[in-house]
1. Work out which trypsin sites (Lys or Arg not before Pro) in the chain are exposed loop sites (DSSP not H, G, I, E or B, at most 13 other Cβ within 10 Å) and give the longest gap free of them.
2. Go through segment 55-62 residue by residue and turn each phi into a ³J(HN,Hα) via Karplus (6.51, -1.76, 1.60, θ = phi - 60°); whole Hz please, and just put x for glycine and proline.
3. Please give the helix 105-127 orientation as an angle from the longest Cα principal axis of the chain, in degrees from 0 to 90, rounded to the nearest 10.
4. Tell me whether segment 1-52 comes out rounded, prolate or oblate; compute the Cα gyration tensor, take square roots of the eigenvalues as a ≥ b ≥ c, and use a/c under 1.5 as the rounded threshold.
5. Through the Karplus equation 6.51 cos²θ - 1.76 cosθ + 1.60, θ set to phi - 60°, convert the phi angles of segment 83-98 into ³J(HN,Hα) values in whole Hz; use x for Gly and Pro.
6. Subtract the Cα-Cα distance of Phe91 and Lys64 from 0.36 nm times their separation in residues, and report this length gain in nm to one decimal.
7. Could you derive backbone 3J(HN,Hα) for segment 32-42 from the dihedral phi with the Karplus parameters 6.51, -1.76 and 1.60 (θ = phi - 60°), listing whole Hz in sequence and x where the residue is Gly or Pro?
8. From largest to smallest, what semi-axes in whole angstrom does the chain give when each is the square root of 5 times an eigenvalue of its alpha carbon gyration tensor?
Amino acid sequence: MTVLTFVARFDLHRRIEKALSSQFVMDDVASAKECLQMAQLARYEGVLIDSDSLIFVDVLALVKLLRHESSDTSIFIFSRCLDLEQRLCLFEAGVDDCVCEPFFASEMAVRLGLSIRLRQAASDLGASGTANVLRSGDLELDL
């Protein structure tokens, strides 16, 4: 699985890289513009964004653009200073998870993996042409 990371803080990037490197291939970008460009060029299962590197309205705009580009990509936000109202706005815009610091990197890796699998399952369900049949491998359940 490939994830795109826009994490400007070195210490946070190092923690995330350590937690994810065994399970995910990571592509790093240095700006919101580059994040959006890379997401348009390649398919990523997840996008990780450090919200502290941008002002809130820019984070919100980036999330909306990313969600518009791809409905099956998991979007995670890292933050030290978002309040409840801001986090709720991000969830409404399409964020899958908002991880507030301090956090355990291993837990975040598990949450990211779960979010990616859920998005992929929902995408597979939508691609099947009917919401009345659930599939997992060769198992099929007709609702």
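1. The reported range is 81-143.
2. 6, 4, 4, 6, 4, 4, 5, 4
3. Roughly 40 degrees between the two axes.
4. On the way: a/c = 2.51, a/b = 1.14, b/c = 2.21.
Cα axes put segment 1-52 in the oblate bin.
5. 8, 4, 4, 5, 4, 4, 4, 5, 4, 5, 7, x, 5, 7, 7, 10
6. Extra length from Phe91 to Lys64 when fully extended: 8.7 nm.
7. 5, 4, 5, 4, 5, 4, 5, 5, 7, 7, 10
8. On the way: eigenvalues 144, 57, 44 Å².
Semi-axes from the Cα gyration tensor: 27, 17, 15 Å.
Every read-out reported here was derived from the displayed coordinates using simple, explicitly stated rules and does not represent laboratory data. Given the structure is predicted, the values throughout are model-derived calculations rather than measurements. We place every Cβ from the backbone using ideal geometry, glycine too, and count neighbours over all the protein chains shown.
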